[in-house]
1. Quickly work out the residue 273-to-residue 71 label distance, labels modelled 7 Å from Cα along the C-beta direction, and quote it in nm with one decimal.
2. For residue 22 and residue 300 in one chain, what is 0.36 nm times their gap in residues minus the Cα-Cα distance, to one decimal in nm?
3. What ranking of 31, 246 emerges when the number of other C-beta atoms within 10 Å of each C-beta is taken as an exposure proxy, fewest first?
4. If I model a spin label at residue 37 and residue 253 as a point 7 Å from the Cα along the Cα→Cβ vector, what separation in nanometres do I get?
5. Could you calculate the FRET efficiency of residue 230 with residue 260 from 1/(1 + (r/R0)^6), where r is the beta carbon distance between them and R0 is 41 Å, rounded to 0.05?
6. For residue 192 and residue 44 in one chain, what is 0.36 nm times their gap in residues minus the Cα-Cα distance, to one decimal in nm?
7. How many nm is it between the label spots at residue 212 and residue 319, if each spot is 7 Å from the Cα in line with the beta carbon?
8. Is the C-alpha gyration tensor of region 284-337 telling us rounded, prolate or oblate? Criteria: a/c under 1.5 is rounded; beyond that, a/b larger than b/c is prolate, otherwise oblate.
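Since every read-out is calculated from the coordinates, none of them should be taken as a lab result. This structure is a prediction, so every number in the text was calculated from the model and none was measured. Here the Cβ is made from the backbone with ideal geometry for all residues, glycine too, and neighbour counts use every protein chain on show.
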């Protein structure tokens, strides 16, 4: 084949730096061609299929694979460079290390795509939403595992004896495990919360200290909650899993609201019940089932105490509905001439007859 090339090209090819440059330029051309084909051809073919997995595979891996091809060309180009033996070794091992990292990155993305696809299929079969927090923990675990293996590969490239290192790490791992008991407890606590599904992202919960908020995120170490006052609360998963939690979002988002009120002594009890019950039944925000109820609780010091109990469809409407019903009951009592008492004291003065 060399006989068909001009002499100047043969002379240029005999130059080591020229060979390296030609190989790198060729690798760059191949990289650009791969990017063009993946966008114009492979991605277009993938979009015609019913599944979204192949679309994600092409979209998420085309750039890393193209860069991997370019670094592979750099690796071949390094064979033509005439540095010292030590420098050549560093250049080749450095490029090999970068290629291992790119391969690990591609593998991690493929595994994450597979996990997401499996999660959606499982959700369609069980008719339950796959918890985003559980997938997040799975992605983190896969990332740590892949790059740990990539680190071992890089150490082997640089000539480090991995076997004795792993053995020493195994012994040291026991000591580290004891030192990281709290951290490991938080990790397993987070996994337990997600698998049990008693607490989900987006649920409104009440902590054992009375704090109410919405679950924002369940990560490897902690759970983040946004309180009703827009305060971010971060609780370690180990402590969170051992706490007594009231989940207002389960089994559904319906909530019973209680409004207490009092009327003056001498009022017709049945009339008070009827006025409050009719008012609740007429309110569109009050659920028909379970039916609203009004109870006569007790005869207190200054009033006859009643309790109006009704259900609403969404717990987020609790404050608004309680305010609305309380205002309406007050107006209805006044309209029906039913007195609303306030605390009073009657003082009797005894006259001293001896004076």
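1. Calculated label separation equals 7.9 nm.
2. 90.4 nm
3. Lowest to highest Cβ neighbour count: 246, 31.
4. 5.0 nm
5. Efficiency computed from Cβ-Cβ geometry: 0.90.
6. Gain on extension, residue 192 to residue 44, equals 49.1 nm.
7. Output for this residue pair reads 0.9 nm.
8. Since a/c reaches 1.5 and a/b is larger than b/c, the shape of region 284-337 is classed as prolate.
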